[in-house]
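J.: Sharing a structure here in structure tokens format.
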Amino acid sequence: MVFSSHIFLAYFLPLVLLLNYVLPFRWLTLMLTVMSYIFYGWANPPWVLLMLITSYVDYFCGLALVKYSGLPMDGPDLPFLPKGTSRNFGQKVALGISIFTNLAILSFFKYYDFAAESVNAVALALGMPAEIAPLLHIALPIGVSFYTFESMSYAIDVYRGDARPLRNPIDYQCFVALFPHLIAGPIIRYHTIAEQIRSRAFNYEKFARGTAFFCLGMAKKILLANPMGHVADRAFAAAGLGPLDTWYGLFAYAFQIYFDFSAYSDMAVGLGLMFGFCLMKNFDDPYHSASITELWRRWHISLSTWLRDYLYIPLGGNRLGESRTYLNLITVMLLGGLWHGASWNFVIWGLFHGVLLSIERWLGMRGLFDRFPKPVRVAGTFLLVCIGWVFFRAETLPQSIQILKSLTGLEPTSPSAALAGASIHTPYHLFVFATCAVVVWGMPQTWNFTQRLTPVRAALCLTLFATSVVCLWTQTVNPFLYFQF
């Protein structure tokens, strides 16, 4: 189910809100869990079984971590594992089962065909039979990258002593399946939401701010991201566009992916507030960043902090010398690229950002980076991010190369370039493009705008929402970009 659909807006959301404010609190966790499974399984019910497997494996691993610790399990709450003490063999096995299960599920559904295609390509190049590894063409379950990371982090946090293990499986299922953040994040850690599942406040201010978040997120998606998606799709599909048209299409994609993904995050945060949950901030004006390092503190914050805490720091972070730090940065970003998708384009995108992070660190340690004025660094960072988006958006590596050549004028202009250019340079799309630039660099972000809701701001949010709903009926189905991850 999609937030920006009439089924969700007219039926599902009103029903769940009604139940949330009518039922006694003790029934709310079960209700939200059941409704979240309905939300997730609406398009493909078998996917719910996969999520249940992930949830129960990690739930029982959490129990095993306490059982093998020798701590008492008969109190009202299970105890934290003591920090700073070594874990025994049974606990290490429990954690290993959790990590292996989650990574196995993610790898099989997301990377099997990619690996098989790569093996077959190598075999063909060596003159061997082309079909050494059979292709399965298995549909990727929506949101599997998000909920496997969330579920796996629970077992790791319990193992480290950062989270209290759960006794009630329904509470754990609610954490994993909670529909506002289920499909495209933010990636929630259990310890940040544990107490909210057990006890949370419902008040007018929280509900009003949540409604404003949701309205503005809907406007970002329908009024800004979707029109920019039209421009980007035409530009990337056309062959032989001139440099100006190609840059226009690339910038349009930069706007599309930002407004599309931040829109989902805004709507998720808003829905969470409506149901009493305070979810984390996932975007912090990323295109204001003056470096790639700063960008990753502002873009998809829940993923970048997850990679930092569960991958970069365990690899040694910056504690093992300069060369090892660069290797860790490149490794983490390479795996971050693979997390986004199973293709060599995502590998190159991750490698590109890893190399940039390493170069920035090298320059910064030598006092060379900050010599440029901040506006220059912001513009340069945005251009580098956009070059990276070429690999992120293009469907194949040859197409990426073709787009890069078009950006530099090295690709011959095709006779149909003028026709393709005319379809994306309409007054409407140029107006939306300019509006995107104004919103990105001249307007307050949603998180700040909704902190103080005056009557004028509330009226603006509702007007934008109403306009978005009207426009929704005129647009074809256009799901959020991060659904594919």
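The values are calculated or read from the model by the stated rules, or taken from the named source; none is laboratory data. These numbers come from a predicted model, not from an experiment. Virtual Cβ from ideal backbone geometry, glycine too; neighbours counted across all protein chains shown.
J.: If we scan the range 37-49, do we find a residue that is within 16 Å of PRO169 (Cα to Cα), assigned by TED's automatic domain parsing to the domain that holds GLY143 and loosely packed, with under 15 Cβ neighbours inside 10 Å?
T.: Looking for residues that are within 16 Å of PRO169 (Cα to Cα), assigned by TED's automatic domain parsing to the domain that holds GLY143 and loosely packed, with under 15 Cβ neighbours inside 10 Å, one finds at least one in the range 37-49, hence yes.
J.: Right, next: Checking LEU307 against (1) out of contact with any Gly (no Cβ under 6 Å at 6 or more places or on another chain); (2) free of Cβ contacts under 8 Å to residues at least 40 places away in the same chain; (3) not hydroxyl-bearing (Ser, Thr, Tyr): exactly one of these is not met. Which one?
T.: Only one criterion in (1) out of contact with any Gly (no Cβ under 6 Å at 6 or more places or on another chain); (2) free of Cβ contacts under 8 Å to residues at least 40 places away in the same chain; (3) not hydroxyl-bearing (Ser, Thr, Tyr) is unmet by LEU307, namely (1).
J.: Further question: So which residues in the range 362-387 are modelled with pLDDT of 90 or more and touching a Leu at 6+ places or on another chain (Cβ under 8 Å)?
T.: Passing the criteria: THR381, LEU384, VAL385, CYS386, ILE387.
J.: On to the next question. List pairs: first residue in the range 189-210 and surrounded by 20 or more Cβ atoms within 10 Å (Cβ to Cβ), second residue outside any loop (DSSP other than H, G, I, E, B) and of a type in the set (Asp, Glu) anywhere in the structure, Cβ distance under 6 angstrom, at least six positions apart or on different chains.
T.: ILE197/ASP171
J.: Just give me the residues in the range 240-281 being farther than 26 Å from LEU404 by Cα, in a helix (DSSP H, G or I) and among the charged types (D, E, K, R), in sequence order.
T.: Within the range 240-281, just ASP266 meets the criteria.
J.: Give the residue, chosen from LEU78, LEU135, LEU124, that is without any contact (Cβ under 8 Å) to a residue 60 or more places away in the chain, part of a loop (DSSP other than H, G, I, E, B) and more than 26 Å from LEU307 (Cα to Cα).
T.: The unique qualifying residue is LEU135.
J.: Which helices (runs of 4 or more DSSP H) does the range 379-485 wholly contain that include 1 or more residues that are over 24 Å from PRO286 (Cβ atoms), touching a Gly at 6+ places or on another chain (Cβ under 6 Å) and assigned by TED's automatic domain parsing to the domain that holds LEU351?
T.: 417-424
J.: When you scan the range 386-394, do you find a residue that is within 25 Å of MET333 (Cβ to Cβ), surrounded by 18 or more Cβ atoms within 10 Å (Cβ to Cβ) and of a type in the set (Gly, Ala, Ser), even just one?
T.: Scanning the range 386-394 turns up at least one residue that is within 25 Å of MET333 (Cβ to Cβ), surrounded by 18 or more Cβ atoms within 10 Å (Cβ to Cβ) and of a type in the set (Gly, Ala, Ser).
J.: Then there's this: Among all residue pairs at least 6 apart or on different chains, which show Cβ distances below 6 Å where the first residue, located in the range 370-391, is under 30 Å from ALA342 (Cβ atoms) and the second is part of a helix (DSSP H, G or I) and small (Gly, Ala, Ser)?
T.: Once the first residue is under 30 Å from ALA342 (Cβ atoms) and sits in the range 370-391, its partners that are part of a helix (DSSP H, G or I) and small (Gly, Ala, Ser) give CYS386/ALA254; TRP389/ALA254; VAL390/SER400; PHE391/SER400.
J.: Are any residues in the range 157-177 within 16 Å of ALA64 (Cα to Cα), touching a residue at least 60 places away in the same chain (Cβ under 8 Å) and buried (at least 20 other Cβ atoms within 10 Å of the Cβ), and if so, which ones?
T.: Answer for the range 157-177, where residues must be within 16 Å of ALA64 (Cα to Cα), touching a residue at least 60 places away in the same chain (Cβ under 8 Å) and buried (at least 20 other Cβ atoms within 10 Å of the Cβ): VAL158, TYR159, ALA163, PRO165, LEU166, TYR172.
J.: Restricting the first residue to the range 287-303 and requiring it to be without any contact (Cβ under 8 Å) to a residue 60 or more places away in the chain, which pairs with a second residue that is surrounded by fewer than 20 Cβ atoms within 10 Å (Cβ to Cβ) meet a Cβ separation below 8 Å and a spacing of at least six or different chains?
T.: These pairs meet every condition: ARG297/ASP284; ARG298/ASP284; ARG298/ASP285; ARG298/HIS288.
J.: Something else: Any chance you could count how many residues in the range 324-337 are over 13 Å from SER304 (Cα atoms), surrounded by fewer than 20 Cβ atoms within 10 Å (Cβ to Cβ) and touching a residue at least 12 places away in the same chain (Cβ under 8 Å)?
T.: 3
J.: Do we find a residue being farther than 30 Å from SER343 by Cα, touching a residue at least 12 places away in the same chain (Cβ under 8 Å) and of a type in the set (D, E, K, R) anywhere in the range 439-459?
T.: yes
J.: What number of residues within the range 53-79 are at pLDDT 90 or above and either hydrophobic (A, V, I, L, M, F, W, C) or exposed (fewer than 13 other Cβ atoms within 10 Å of the Cβ) (or both)?
T.: Residues meeting the conditions: 8.
J.: Conditions: (1) over 19 Å from PRO76 (Cα atoms); (2) surrounded by fewer than 23 Cβ atoms within 10 Å (Cβ to Cβ); (3) at pLDDT below 90. ALA184 meets all but one. Number of the miss?
T.: Of everything listed in (1) over 19 Å from PRO76 (Cα atoms); (2) surrounded by fewer than 23 Cβ atoms within 10 Å (Cβ to Cβ); (3) at pLDDT below 90, ALA184 misses just condition (2).
J.: Oh, and also: Could you grab me the full set of residues in the range 85-116 that are crowded, with 19+ Cβ neighbours inside 10 Å and among the hydrophobic types (A, V, I, L, M, F, W, C)?
T.: Residues satisfying the conditions are ALA94, LEU95, ILE105, LEU106, PHE109.
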